[in-house]
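The values are calculated or read from the model by the stated rules, or taken from the named source; none is laboratory data. Values in this document were obtained by computation on a predicted structure and should not be read as measured data. FYI the Cβ positions are ideal-geometry reconstructions off the backbone, even for glycines, and counts take in every protein chain you see.
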Ligand code: AMP
Ligand code: MG
């Protein structure tokens, strides 16, 4: 456990501590290729073939021998005799000799002797039996795809720990691979705490609010490909908390996420129960939003689960999820890819910030009239204003050592949407 100063733990320290206590799940199974989208490879995939299996043409045109024109003087026009045609999907049988060429289609196997393809639009003159072209219009080796240039036999085509994307499914299909070994999905239980919370369908009594955290958490877990297990709302009551934490563990959850009840005052209800069931640290984090957070492991029967006690405020829940829970879940899922770096863009608004803590603001990325990417703030940045998250398309990350931001200053942002 890192030592906490009176100011609390930095984001980096907390992330590092969590990283050291998380292990990837070992179980895996095979699935059909289409079911493997967004799943994590449990083993390296070794290419069983060369892709492409033969040298082939990248264009519709004429297969030539580079030696026939490579030494021709600039400005020379050459004429070659067409000795046949090669279509995609056929084995190559024709040998092309000096002064000859072969009509060839995209993807067709290069005939013996040829190393170059003249695209048909570069042919100056075409008849049934001959073509002519400017010798300096192409170079030897042009428009030919080499055997194994995409994937070579025996090489690692995709490494263990990769989360499969659409391109990867296509790549595996190109190798003739119909089933792949993937790690099992994580089971993640979650519940909300708070006497003021009402679930959808219930009447909203005076002083109460609808529970929104279970829906954002459900959404974030589903996007990550986890199996979500919604355990509802627990009252601010030690018995209720113990019961639901034990139930989550006994149902085989790998991870349990709670929201609310970990801040000072209320924490008294949650702390003793969590600590009684396992080994849980309560942190005061040097960040905003999301200061209080609990992390550790709890046990019930023979089952053990990793526990994240998130703060209650809806924006704080999402921020702590994205910066602490998400990396831990990715690590547990066995993902080894390095995350994309934060982007650095110009800030269109001045932002007041306290030093010595990390601040996460909700931002909107756009381009100015000159085409430069910039970021502005969504309206109210309160930790309870979920609309700020809904309107945003990125999170602005202001590091612990940064001070207030002036208009035009560069800031780090984490965009919400990626292409794949
Ligand atoms: P707490 O950390 O329990 O003190 O909660 C902090 C704030 O977040 C309070 O205003 C709570 O009412 C609110 N809150 C806690 N849990 C939820 C939830 N599940 N949905 C919406 N708001 C919540
Ligand atoms: Mg509460």
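Would you confirm whether any residue within segment 216-223 is within 14 Å of ligand 2 (Cβ to nearest atom) and surrounded by fewer than 23 Cβ atoms within 10 Å (Cβ to Cβ)?
Filtering segment 216-223 down to residues within 14 Å of ligand 2 (Cβ to nearest atom) leaves none.
The answer is no; no qualifying residue exists.
Taking the conditions exactly as written (over 27 Å from residue 330 (Cβ atoms) and in contact (Cβ under 8 Å) with a residue 40 or more places away in the chain), does residue 149 satisfy them or not? Talk me through it step by step, then tell me what you get.
Numbers: over 27 Å from residue 330 (Cβ atoms): yes; in contact (Cβ under 8 Å) with a residue 40 or more places away in the chain: yes.
Yes, satisfied.
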(request) Looking at (1) touching a strand residue (DSSP E or B) at 6+ places or on another chain (Cβ under 8 Å); (2) more than 19 Å from residue 322 (Cα to Cα); (3) in the same structural domain as residue 270 (by TED's automatic domain parsing), find the lone condition where residue 213 falls short. (result) (2)
(message) Need the failing condition index for residue 193 against (1) away from ligand 1 (no atom under 11 Å from the Cβ); (2) touching a strand residue (DSSP E or B) at 6+ places or on another chain (Cβ under 7 Å), just the number.
(response) (1)
(request) Could you give me the residue pairs with C-beta distances under 8 Å whose first residue belongs to segment 23-34 and is assigned to a helix (DSSP H, G or I), whose second residue is surrounded by 10 or more Cβ atoms within 10 Å (Cβ to Cβ) wherever it lies, and which are 6+ apart or on separate chains? (result) 33/169; 33/172; 33/173; 33/177; 33/178; 33/179; 33/180; 34/169
(request) Report yes if residue 87 is under 22 Å from residue 174 (Cα atoms) and outside the structural domain of residue 296 (by TED's automatic domain parsing), otherwise no. (result) yes
(message) Which count do you get for residues in segment 309-341 that are modelled with pLDDT of 95 or more and away from ligand 2 (no atom under 16 Å from the Cβ)?
(response) 17
(message) Out of everything in segment 250-283 that is in contact (Cβ under 8 Å) with a residue 60 or more places away in the chain and under 19 Å from residue 21 (Cβ atoms), what residue ends up being nearest to ligand 2 (Cβ to nearest atom)?
(response) 258
(message) Under 7 Å between Cβ atoms, which residue pairs at least 6 apart in sequence (or on different chains) link something in segment 9-20 that is touching a residue at least 24 places away in the same chain (Cβ under 8 Å) with a partner that is part of a helix (DSSP H, G or I)?
(response) 11/323; 14/324; 15/324; 15/327; 18/324; 18/328; 19/331
(message) Tell me which strands (runs of 3 or more DSSP E) are completely within segment 180-270 and hold 3 or more residues being farther than 18 Å from residue 328 by Cα, or say none if there are none.
(response) 187-193, 227-234
(request) Identify the residue in segment 262-271 that is more than 24 Å from residue 303 (Cα to Cα) and within 10 Å of ligand 1 (Cβ to nearest atom) and, among all such residues, is farthest from the chain's Cα centre (by Cα). (result) 265
(message) If I filter segment 55-70 for residues that are free of Cβ contacts under 8 Å to residues at least 60 places away in the same chain, in contact with a strand residue (DSSP E or B) (Cβ under 9 Å, 6 or more places away or on another chain) and part of a loop (DSSP other than H, G, I, E, B), do I get at least one hit?
(response) yes
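In segment 208-249, how many residues are near ligand 1 (Cβ under 10 Å from one of its atoms) and either within 18 Å of residue 273 (Cα to Cα) or without any contact (Cβ under 8 Å) to a residue 12 or more places away in the chain (or both)? Break it down stepwise before answering.
Quick first cut of segment 208-249, residues near ligand 1 (Cβ under 10 Å from one of its atoms) only: 208-217, 233, 236.
Still in the list and also either within 18 Å of residue 273 (Cα to Cα) or without any contact (Cβ under 8 Å) to a residue 12 or more places away in the chain (or both): 215, 233, 236.
Selection size over segment 208-249: 3.
Among strands (runs of 3 or more DSSP E) lying entirely in segment 272-326, which contain 1 or more residues that are within 26 Å of the chain's Cα centre (by Cα)?
Values: elements: 278-284, 292-300, 303-310.
In segment 272-326, the matching strands (runs of 3 or more DSSP E) lie at 292-300, 303-310.
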(message) Being free of Cβ contacts under 8 Å to residues at least 12 places away in the same chain, surrounded by fewer than 14 Cβ atoms within 10 Å (Cβ to Cβ) and part of a helix (DSSP H, G or I) is true for just one of 390, 380. Which residue is that?
(response) 390
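Per-residue answers, yes or no, for (1) under 15 Å from residue 233 (Cα atoms); (2) within 16 Å of ligand 2 (Cβ to nearest atom); (3) in the same structural domain as residue 298 (by TED's automatic domain parsing); (4) over 18 Å from the mean Cα position of the chain (by Cα):
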position: 163; (1), (2), (3), (4): no, no, no, no
position: 174; (1), (2), (3), (4): no, no, no, yes
position: 195; (1), (2), (3), (4): yes, yes, yes, yes
position: 199; (1), (2), (3), (4): yes, yes, yes, yes
position: 204; (1), (2), (3), (4): yes, no, yes, yes
